[in-house]
Amino acid sequence: MTGFWFHHFGLRRFNIKGRGLTTMRARLARTRRANRRVIQSLKSSQVAAAEKEEQIRRVREEMELLFITNVLDDVWVHDCLFEVENDPLMRTAFQRINYQIPGRRNTANMNRIRTCTGRRRRPGLP
């Protein structure tokens with residue numbers, strides 16, 4: 001009996017009877033559904049954000065690998081050109097080709113490293 005009395009006490013206090021109670025329950029159910037939809041959309045947006053972060057991480061790793069391969073390719077090409085430029089047989093072959101073409105500069109000596117054999121002096125100084 002005590003539970004029944006408290007039930008009626010709560011209903012009399014808010015003056016909720018009949019249709020008022022059903023409308024209140026319907027409104028409460030509507031807000032619960034809306035809250036559930038909001039929570040589901042938040043969860044789905046969190047999942048989408050996690051997938052995007054994973055995709056961005058994979059793209060960054062791929063870009064880093066491409067950068068490293070480009071650097072290694074550049075170093076390899078530079079080493080090969082350095083070997084070709086410093087090979088005496090190739091140098092003489094380039095010189096012979098350049099001598100056969102009139103009006104062309106000597107490309108074999110353009111990038112040669114100049115060694116400093118002594119102290120450089122400025123002109124006009126003692």
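Excluding ligands and nucleic acids, what accessible area in Å² is computed for Glu53 using a 1.4 Å probe, to the nearest 10?
Estimated to the nearest 10 Å², Glu53 gives 130 Å².
Please compute the length gained on full extension between Gln55 and Leu72, using 0.36 nm multiplied by the number of residues separating them and subtracting their Cα-Cα distance. Working shown, then result.
Values: separation 17, 0.36 × 17 = 6.12 nm, distance 2.58 nm.
Contour length minus the Cα-Cα distance gives 3.5 nm.
Multiply the residue gap between Asn86 and Ile39 by 0.36 nm, knock off their C-alpha separation, and tell me the result in nm, one decimal place. Before the final figure, lay out the partial values.
Numbers: separation 47, 0.36 × 47 = 16.92 nm, distance 7.01 nm.
Net length gain for the segment: 9.9 nm.
In region 31-100, carbon and sulfur make up what percent of the accessible area (probe 1.4 Å)? Don't jump to the answer; show the numbers that get you there.
Details: 4000 of 6460 Å².
Its accessible area is 62 percent carbon and sulfur atoms.
In whole Hz, with x marking every Gly and Pro, tabulate ³J(HN,Hα) for region 68-83 from phi via Karplus 6.51 cos²θ - 1.76 cosθ + 1.60, θ = phi - 60°.
Karplus values, whole Hz, x for Gly and Pro: 5, 5, 5, 5, 5, 5, 4, 5, 5, 4, 5, 5, 5, 5, 5, 5.
For region 88-94, in order, what is each residue's ³J(HN,Hα) by Karplus, 6.51 cos²θ - 1.76 cosθ + 1.60 with θ = phi - 60°, in whole Hz (x at glycine and Pro)?
Per residue, the Karplus-derived 3J(HN,Hα) values read x, 5, 5, 4, 5, 5, 4 Hz.
Using the Cα atoms as the points, what is the convex hull volume per residue of region 25-79 in Å³?
Details: hull volume 1.6 nm³, N = 55.
Expressed per residue, the convex hull around the Cα atoms of region 25-79 is 29 Å³.
The values are calculated or read from the model by the stated rules, or taken from the named source; none is laboratory data. No experiment lies behind these values; they were computed from the predicted model shown. Accessible surface areas use protein heavy atoms only, side chains included; no ligands, DNA or RNA. Shrake-Rupley method; radii C 1.70, N 1.55, O 1.52, S 1.80 Å.
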